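First the structure, in the form of structure tokens, and then the observations on it.
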Amino acid sequence: MQFCSTRDIRHIVSYEEAIFRGLAPDGGLYHPVKHPDLQELFASLNPGMDFTAIAGKLITALFPDYFDKDKAKEIAEKAFPFSPELVHLDNKLYLLELFHGPSCAFKDFGASFLATCMEEFLKQEHRKAVILTATSGDTGSAVAQAFYKKENIDVVILYPSGRVSPLQEKQLTTLGANIHALEVKGSFDDCQRMVKEAFMDTELRSTFNLTSANSINLGRLIPQSFYYVYAYAQLKDTDKAPVFCVPSGNFGNLTAGVYASIWGMPTSGFIAATNANDVVPQYLAGGEYKPRPSLHTLSNAMDVGNPSNFERLKALFGSREKMAEHITGCSISDKETLETISRYHKKKQTFLDPHTAVGVLASERYMQKNPAHNIISLSTAHPGKFLEVVKQATGEFPPLPDRLKEALNKQKQATLIDNSLDSLSDFLRKKIK
Ligand SMILES: *Cc1c(COP(=O)(O)O)cnc(C)c1O
């Protein structure tokens with residue numbers, strides 16, 4: 001498989017180049033030049049297969065130049081010591097739980113696969129790299145966990161002092177080893193600016209082989225398709241191909257599912273579920289595509305006013321009509337999100353996190369109009385990550401998973417620095433060999 005920029009089909013790179021570059025030089029995103037036909041692979045799957053077996057098959061089918069069958073199996077087992085779980089929720093509605101990884105959110109799948117691939121390529125070439133990333137809280141922890149103790153890689157994470165939640169800070173700062181947390185005296189915007197300036201400093205960039213691992217990276221996008229295939233295999237013997245409902249912000253998760261269907265995985269379509277940040281549902285319903293500043297909501301990991309992966313979806317489908325044949329939009333308010341969490345708590349004694357709740361209500365709405373289909377709604381985070389919102393909806397705190405509890409009891413290790421490129425490069429020169 002080869003990849004090109006969404007903005008220039010002539011700019012073609014390998015998978016390895018795409019993951020170390022992150023963004024194409026023209027500012028576009030990498031996507032497949034040509035999508036493979038994997039219909040035979042999908043036909044060979046059965047409901048009993050475990051996740052790593054399916055991931056291994058896909059890895060070697062997608063990247064035969066890099067990973068033969070045995071190597072693909074090894075990569076899958078290394079990257080995914082955790083698995084998605086498909087659970088029945090109600091009637092024809094299933095939840096695909098994606099929060100059983102180390103940071104308790106679906107981003108663990110993408111981050112962990114990217115980290116495993118980078119480690120593999122760097123080891124082969126006896127090279128080192130430094131992952132440099134800024135976080136406003138949530139996304140940094142999946143990256144930190146994924147790269148923890150990976151060989152030949154250091155991770156430097158900048159976060160704004162006093163502006164991330166206590167649990168998020170613990171998740172970022174208690175790992176140690178090759179994970180370096182920098183507590184910046186400034187805002188998230190300062191952190192992002194410092195990272196940008198470091199990448200623009202060619203001397204610094206080449207000395208440390210600076211690389212990013214943000215969510216637009218192709219190495220995070222592609223593996224997100226694997227769990228759609230896993231869920232498909234689980235329900236394979238039921239009558240109709242399922243509809244997937246995806247709580248969306250930057251639309252990376254949804255794009256990965258759409259890719260799997262383009263490769264030949266049978267589906268009956270996708271639901272793009274958003275909170276009040278509904279530029280894509282508006283577009284799909286016939287409006288203009290109008291990016292705008294994001295609104296703050298209870299499902300804050302989806303507070304995105306200009307979704308980066310829209311560019312990949314647009315490049316894939318070409319027109320709105322084509323996109324709307326595959327994807328139905330649905331926007332859910334904060335009030336409806338709370339009501340949904342509360343309703344499932346009463347009815348099923350279960351806790352939904354606010355992002356998952358957006359998807360569940362969107363699935364119910366769809367089901368009222370299309371009762372024939374099974375719907376697989378993606379559960380993107382553990383409810384214990386959003387204690388306050390769940391408490392507000394149900395009156396109870398959901399249980400905190402052990403891996404989050406453990407972080408709370410560990411000692412914070414962070415270096416406090418000024419909000420300037422000088423202090424960042426000082427740190428790199430002193431602490432990274
Ligand atoms: C990141 C995130 C989302 C949105 O995923 P995208 O790929 O950006 O659409 C949804 N839910 C949770 C919990 C997230 O962390």
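Note on Lys71: aspartates and glutamates with a C-alpha under 18 Å away, same-chain residues under 8 apart excluded, are Glu16, Asp50, Glu119, Glu120, Glu125, Glu151. Listed values for the stretch 51-56 are Karplus-derived 3J(HN,Hα) couplings in whole Hz (6.51 cos²θ - 1.76 cosθ + 1.60, θ = phi - 60°), namely 4, 5, 5, 5, 4, x, and x replaces Gly and Pro.
Suppose a student asked you for the relative contact order of the chain, using Cα pairs under 8 Å spaced at least 6 residues apart; what percent would you report? Write out the running numbers ahead of the final one.
Details: 847 pairs, mean separation 77.0, N = 433.
Computed value for the chain: 18 percent relative contact order.
Quick check on the chain: of the DSSP beta bridges with both residues there, what percent are antiparallel, nearest 5%?
Values: 13 of 49 bridges.
In the chain, approximately 25 percent of DSSP beta bridges are antiparallel ones.
Once backbone amide H atoms are built at 1.01 Å from N, Ala414 has no partners under 5 Å, excluding neighbours fewer than 5 places away on the same chain.
Sequence-ordered 3J(HN,Hα) estimates for the stretch 420-431 from the Karplus curve with 6.51, -1.76 and 1.60 and θ = phi - 60° stand at 9, 4, 4, 5, 5, 5, 4, 4, 4, 5, 7, 9 Hz, glycine and proline given as x.
With r defined as the distance between the Cβ atoms of Gln413 and Glu325 and R0 fixed at 45 Å, what FRET efficiency is calculated, to the nearest 0.05? Each step should come with its number before you reach the end.
On the way: r = 51 Å, r/R0 = 1.13.
It comes out at approximately 0.35.
A straight chain from Thr202 to Glu336 at 0.36 nm per residue would run longer than the Cα-Cα distance by 43.4 nm. Here Lys73 is the anchor, and the lysines within straight C-alpha reach of less than 20 Å, apart from those fewer than 8 places off in the same chain, are Lys57, Lys123, Lys150. Summed over the residues of the stretch 282-338 and divided among them, the accessible surface reaches 52 Å² per residue at a probe radius of 1.4 Å. Normalised per residue, the accessible area of the stretch 64-118 is 38 Å², obtained with a 1.4 Å probe and no contribution from ligands, DNA or RNA.
Summarise the accessible area of the stretch 350-424 (1.4 Å probe, protein heavy atoms) by the percent that is carbon and sulfur. Walk me through the intermediate numbers first.
Values: 1640 of 3440 Å².
Reported share for carbon and sulfur atoms: 48 percent.
Close amide-amide hydrogen proximity is noted between His11 and Ser5, each under 5 Å apart and 5 or more residues distant or on a separate chain (H modeled in the peptide plane; Pro and chain starts excluded).
The fraction of accessible area contributed by carbon and sulfur in the stretch 177-335 is 49 percent, rounded to a whole number (1.4 Å probe; ligands and nucleic acids excluded).
Asn275: net charge of surrounding residues, Cβ under 9 Å, Lys/Arg +1, Asp/Glu -1, itself excluded? Before the final figure, lay out the partial values.
Details: positive: none; negative: Asp278, Asp303, Asp334.
Surrounding charge for Asn275 is -3.
Taking 21 Å as the straight-line reach from the Cα of Lys335, the lysines in range (excluding those fewer than 8 positions away in the same chain) are Lys346, Lys347, Lys348, Lys385, Lys391. Accessible area per residue was computed with a 1.4 Å probe on protein heavy atoms; Leu416 scores about 100 Å². Here the Karplus relation 6.51 cos²θ - 1.76 cosθ + 1.60, evaluated at θ = phi - 60°, turns the backbone of the stretch 313-327 into coupling constants of 5, 4, 5, 6, 8, x, 10, 5, 4, 5, 4, 5, 5, 9, 10 Hz, with x for every Gly and Pro.
Between Val87 and Asp50, the FRET efficiency estimated from the beta carbon spacing at R0 = 22 angstrom works out to 0.85.
State, as an integer percentage, the relative contact order of the stretch 30-87 based on alpha-carbon contacts under 8 Å between residues 6 or more apart.
31
Roughly how many whole Å is it from the C-alpha centroid of the stretch 42-86 to that of the stretch 152-227? So the two Cα centres are separated by 28 Å. Estimated from the Cβ-Cβ distance and a Förster radius of 25 angstrom, the FRET efficiency linking Lys347 and Lys240 is about 0.45. Taking amide H as placed 1.01 Å from N in the peptide plane, Gly186 has its amide H under 5 Å from the amide H of Ser161, each at least 5 places away in sequence or on another chain. Packing, as the average of other Cβ atoms within 10 Å across residues, places the peptides 89-102, 392-405, 340-353 in the order 89-102, 340-353, 392-405, highest first.
The values are calculated or read from the model by the stated rules, or taken from the named source; none is laboratory data. Keep in mind it's a predicted model, so treat the numbers as computed, not measured. Neighbour counts are summed over all protein chains in view; Cβ atoms, including those assigned to glycine, are modelled from backbone coordinates with ideal geometry. Quick note on the areas: whole protein, heavy atoms, side chains included, nothing else; ligands and nucleic acids left out. Shrake-Rupley method; radii C 1.70, N 1.55, O 1.52, S 1.80 Å.
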